[in-house]
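Structure record follows, encoded as structure tokens.
The values are calculated or read from the model by the stated rules, or taken from the named source; none is laboratory data. A quick note: this is a predicted structure, and the numbers were derived from the prediction, not measured. Methodologically, a virtual Cβ is constructed for each residue, glycine included, from the backbone with ideal geometry; neighbour enumeration extends over all protein chains shown. For the accessible areas, the whole protein counts, side chains as well, though only heavy atoms, and no ligand, DNA or RNA atoms are used. Shrake-Rupley method; radii C 1.70, N 1.55, O 1.52, S 1.80 Å.
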Amino acid sequence: MIGIIDYDAGNLKSVEKALLSLGEETLITRDQGELLRADKVILPGVGSFGDAMGKLRAYGLEEVIRKVIERGTPFLGICLGLQLLFEESEEAPGVPGLGILKGRIRKIPDGAGLKIPHIGWNSLKLQNEGRLFRGLEKEPYVYFVHSYYLEAEEARIVKAVTEYGVRIHASVEQGNVFACQFHPEKSSDTGLGILKNFAQLEG
């Protein structure tokens, strides 16, 4: 069973629908016991960094996330869920993130011809043999919706990058922790392939 963390963020249902289409059993919940019993856990998210961290802490989910990861359960952050795994964001100065991974979230800089938020399809450049991308084409197209991007501290954890006025660390992996800035649940067959690879990981 794949647990989807419910902290009042957007895109929970679209993630659930994509997983159900793959034949995966899912549960949207904020119950600590259910999340700790799950075979895998996903932290989705659409919204603002500060509000999201406030909700995670208000619901007691920060501690649950740490326990899930410490147990070695495969864990996937999507979009805002990726950003929350890091130390801080320019969107919410002074609000600490989960700090599970090292790096910071930056605002996409203004540039000629660039619309912010960045909404649309971009190709990924894969690197460092990411497990989420096994069996996929070398430069897959995926769907983004974001105004802030990841600047990871450690290059080795970055498994995919894209360009949108700046180099964006689009996917990272460290141990049992995986994260994507893009939305695999909205990225057609490529996204389903990524979610399938996650669902098939050994815990």
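A few notes on this one:
- Glu16 being in contact (Cβ under 8 Å) with a residue 60 or more places away in the chain, among the acidic types (Asp, Glu) and under 24 Å from Phe182 (Cβ atoms): no
- Only a single item in (1) over 15 Å from the mean Cα position of the chain (by Cα); (2) touching a residue at least 24 places away in the same chain (Cβ under 8 Å); (3) closer than 20 Å to Ala152 by Cβ is not met by Leu84, and it is number (1).
- The set of residues from the stretch 28-44 being outside any helix (DSSP H, G or I) and closer than 19 Å to Asn176 by Cβ comprises Ala38, Asp39, Lys40, Val41, Ile42, Leu43, Pro44.
- Only a single item in (1) in contact with a helix residue (DSSP H, G or I) (Cβ under 8 Å, 6 or more places away or on another chain); (2) farther than 29 Å from Gly33 by Cβ; (3) not in a loop (DSSP other than H, G, I, E, B) is not met by Arg156, and it is number (1).
- For the stretch 163-196, a tally of residues being over 17 Å from Gly103 (Cα atoms) and either of a type in the set (Val, Ile, Thr) or in contact with a strand residue (DSSP E or B) (Cβ under 9 Å, 6 or more places away or on another chain) (or both) returns 15.
- Scanning the stretch 159-190 for residues being in a helix (DSSP H, G or I) and crowded, with 21+ Cβ neighbours inside 10 Å gives a total of 2.
- Checking each residue in the stretch 129-153 for being open to solvent by less than 80 Å² (accessible area, probe 1.4 Å) and assigned to a loop (DSSP other than H, G, I, E, B) picks out Gly130, Leu136, Pro140, Ser147.
- In the stretch 129-154, the residues that are among the hydroxyl-bearing types (Ser, Thr, Tyr) and either free of Cβ contacts under 8 Å to residues at least 12 places away in the same chain or within 15 Å of Glu91 (Cα to Cα) (or both): Ser147, Tyr148, Tyr149
- Residue list for the stretch 60-99, restricted to those being acidic (Asp, Glu), outside any loop (DSSP other than H, G, I, E, B) and open to solvent by 60 Å² or more (accessible area, probe 1.4 Å): Glu63, Glu70, Glu88
- Output for the stretch 100-123, where each listed residue is open to solvent by less than 10 Å² (accessible area, probe 1.4 Å) and either on the phi > 0 side of the Ramachandran plot or without any contact (Cβ under 8 Å) to a residue 24 or more places away in the chain (or both): Gly103
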